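Worksheet: the structure to be examined is printed underneath.
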Amino acid sequence: MAAIPEKMKGVYLTGFGGFEKLEYREDINVPTPKKGEVLIKIGAAAVNNTDINTRIGWYSKNVKAQTNDGGKQGFKDVDDDGSWLGQALVFPRIQGADASGTIVAVGEGISKDRIGERVLVQSVQPSFTGENPYDCITWGSECDGGFAEYATALGCETFAINSDLTDGELATFPCSYGTANNLVWRTGVNEGDVCLITGASGGVGSALVQLAKIRGAKVIGVCDPGQEDRVRGYGADEIILRGENYEEKLGVMSVDVILDMVAGEQWPQLLKVLKKGGRYGVCGAIGGPMVDFDIRDCYLKDLSLCGTTFQSKESFEELIDYIEKGMIQPVVAKEFPLKDIVKAQEAFLSKKLVGKIVLNVAGD
C-alpha cells in the first residue's frame, strides 16, 4: 500500500454563506487516527442536502424559506444555531457525509487487520455524550468528513463492504440510503401498503422507492415532468407530477404510508390522503420548513407522525446486506472532480438531474 502523504487536497467550509465559503486547498494536513478511529483514503464522495443546508445556515431557526432560496448566496441573520444540531459549528470544517474508500491506517484499539478494507461510513452516528439514544452527530458536520483525500472516522461506525460497484456508486449509499432505510423502518412499511413518496427523483427519494419496493409496498412517486421514466425504472408503480393536487389524483384516505422530504405548501394535502391509522414519516423539508397543520387531521384519523434523523446500526447493517446482494442499485446522475465542488452543488440545486451528484476524489 502506498505511503501516506503529509498533505492532501480537500475542501474547507470557512463559514455560513454562499459558494465563496467553499475553499479548495491542496495543503491540508492529513489527519492522524486517534484511539478507536481509522484513516480512510477517500475514493469518492456525494453531495447531499445536509451539505448545502449546513453551508447556507438553513438549520437556523431564523430561516423560514426552502433550501433553494439560499442555495447560492446563503441566508442573512444566521446565528450560531446554523448547524443541524442547533449548536455552534467549528470552522473551517471539511464537509461530506457520504463517502466510500479504503482503510489505510488505524488508531489505538483498532485491529491492523482492518487495513485494506473497502468501507462505508455511517453518516449519522451516536454522539456518545448522553444517555438518550437519539443524541447523534453527522460525519462531515460535527467532525470532518469525506470532501478530502483522507478522512478519519470511528472504527465502530465504519463498515466493510464487499461489492463490485465503483467508489462513485458506493458513495451514493450512506447518507441518502441510510436516511431512507431508517425512515422505512420507523414508519413500518409492510407488504401491500400503498406508499406515497415525495421528491422521488432525488437521492433519498430514489432510495425510498427501491427500499419500499423491497418490502412489498405499492409505490407512488412524486417527481418533475420528464423524470417519470427514471422514477418508474427504479420501482415506482405510479407517478404524480410535482404540483399536482394529491387529493384530486389519489382521493382522500387512499394511502397507508407517506415518506416525505419536501414539506412546503402542499403539505396539508398529504394528511388528507392518508387513511385512518395511516403513518407519516419525514426526513427533510426542501420545499420549505413551515407548513399549515390542522391538528384535527391528525387526531381524528388516528395518524402516526414521526421524524427521523438518527440512524440505527441495525438499519445500516441491513443496507450493507442489500448492497452486497445487489438488491438496490445506485442512481448516479453526474460525477465531478473534487475541485469542481461548486459546479457539483449548482447541479444539485438545479433539481434537473435524477439521482446523486458524485465527487470523484481519488481521480481529482
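Every read-out reported here was derived from the displayed coordinates using simple, explicitly stated rules and does not represent laboratory data. Keep in mind it's a predicted model, so treat the numbers as computed, not measured. All Cβ positions, even for glycine, are placed from backbone atoms using ideal geometry, and neighbour counts span all protein chains on display.
Give, in nm to one decimal, the length gained when the segment between K313 and Q329 is fully stretched (0.36 nm per residue of separation minus the Cα-Cα distance).
Gain on extension, K313 to Q329, equals 3.7 nm.
K339 to S304: FRET efficiency via 1/(1 + (r/R0)^6), r the Cβ-Cβ distance, R0 51 Å, to the nearest 0.05?
Using R0 = 51 Å, I get an efficiency of 0.65.
Counting other C-beta atoms within 10 Å, and keeping those with at most 14, which DSSP coil chymotrypsin sites (Phe, Trp or Tyr not before Pro) do you find in the range 127-191?
The qualifying sites are F128, Y134.
I want the antiparallel fraction of DSSP beta bridges within the chain, as a percent rounded to 5.
The antiparallel fraction comes to roughly 55 percent.
FRET efficiency for E238 and V291, Cβ-Cβ distance as r, R0 = 30 Å, nearest 0.05?
It comes to 0.80.
Give me the net charge for the shell around K352: Cβ to Cβ below 13 angstrom, other residues only, Lys and Arg +1, Asp and Glu -1.
Once all neighbours under 13 Å are counted, the net charge is +2.
Just one of [x] 21.3; [y] 20.7; [z] 23.3 is Kirkwood radius over Cα pairs in Å calculated from these coordinates, so which is it?
[y]
If you average the alpha carbon positions of the range 243-311 and of the range 175-225, how far apart do those two centres end up, in angstrom?
14 Å
Taking a ≥ b ≥ c as the square roots of the eigenvalues of the Cα gyration tensor of the range 248-364, is the shape rounded (a/c under 1.5), prolate (a/b larger than b/c) or oblate?
prolate
For the chain, what relative contact order do you get, as a whole percent, if you take Cα pairs closer than 8 Å and at least 6 residues apart?
So the answer I get is 18 percent.
For E23 paired with Q269, estimate the spin-label separation in nm (one decimal), with each label point 7 Å from Cα along the Cα-to-Cβ line.
Going from the E23 label point to the Q269 one covers 4.5 nm.
Restricting to Cα pairs below 8 Å that are 6+ residues apart, what does the relative contact order work out to for the range 111-167? Please round to a whole percent.
39 percent
What list of ³J(HN,Hα) couplings, whole Hz, do you get for the range 232-240 from phi and the Karplus terms 6.51, -1.76, 1.60, once you set θ to phi - 60° and write x for glycine and proline?
For the range 232-240, the Karplus curve yields 5, x, 9, x, 5, 7, 9, 10, 10 Hz.
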